[in-house]
Amino acid sequence: MPILARPTVTFHKSWLDAKGEWGDGHQDGAGIRPGDRFEAIEDFEAWVRRLAMQNDPLMLFSGVQVNTSRFWVIEHDTYLGAIELRHVLTPFMLEAVGHIGYSVRPSARGRGIATWALQAILPHAGSIGLTRVLLTCDEQNLPSARTIEKNGGVLEDIRNTELGVKRRYWIELAGYASDRASAESSRSGRNRE
């Protein structure tokens, strides 16, 4: 059963294996920036520290960065993917990217991992004071649209953005369990489809 775990160097090899599956493709929710390096353990450790720093509510960011909670989807010591929750939205994020981004490594797709991870992070969104969250996906990305809809996403619109044509969904957080209950079910895997 999968769990949500904070990024850690423990999964360096498994993370690199997953990155190899993506090649140079974009990984939503992973926090990768152009120029990031991962092969050497020292570079990977520095990157993981940066991800942790973005989760610190005492850090103030400006411009394109906002406080972000990041989790990795782990199963039996294997990295399956990533999910991130942006605590606030810049105007650009409100238009094109939303509060939550996620990705699942190609070899783990088709198992309901993204649906499970999204369900598992929603209580955390409520615990930081959000009452609803915005998610977007490319207009043609029907698997992601289904993932969002399975978690209560209601389509607001489909619009042209700087990142292309996006479906924009809102999920109301009323009724989601506390963050503590979410963590417990993440550990046990009870929320899995």
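Take PHE38 and decide whether it is more than 18 Å from the chain's Cα centre (by Cα), touching a residue at least 12 places away in the same chain (Cβ under 8 Å) and more than 28 Å from ARG168 (Cβ to Cβ).
Taking the combined requirement at face value, the residue satisfies it.
What number of residues within segment 122-151 satisfy the criterion of being open to solvent by 40 Å² or more (accessible area, probe 1.4 Å) and within 14 Å of GLY98 (Cβ to Cβ)?
3
What's the total number of residues in segment 10-31 that are surrounded by 15 or more Cβ atoms within 10 Å (Cβ to Cβ) and out of contact with any Leu (no Cβ under 6 Å at 6 or more places or on another chain)?
10
Within the set of pairs 6 or more residues apart or between chains, which connect a residue that is at pLDDT 95 or above inside segment 134-149 to a residue that is of a type in the set (S, T, N, Q) with Cβ atoms less than 7 Å apart?
CYS137/SER144; THR147/THR115
Out of the residues in segment 32-55 that are β-branched (Val, Ile, Thr) and in a helix (DSSP H, G or I), which is least open to solvent (accessible area, probe 1.4 Å)?
VAL48
The values are calculated or read from the model by the stated rules, or taken from the named source; none is laboratory data. Owing to the predicted nature of the structure, the values given are computational and were not obtained by experimental measurement. No Cβ is skipped: glycine too gets one built from the backbone with ideal geometry, and neighbour counts run over all protein chains shown. To get the accessible areas, we keep the full protein, side chains included, count just its heavy atoms, and leave off ligands, DNA and RNA. Shrake-Rupley method; radii C 1.70, N 1.55, O 1.52, S 1.80 Å.
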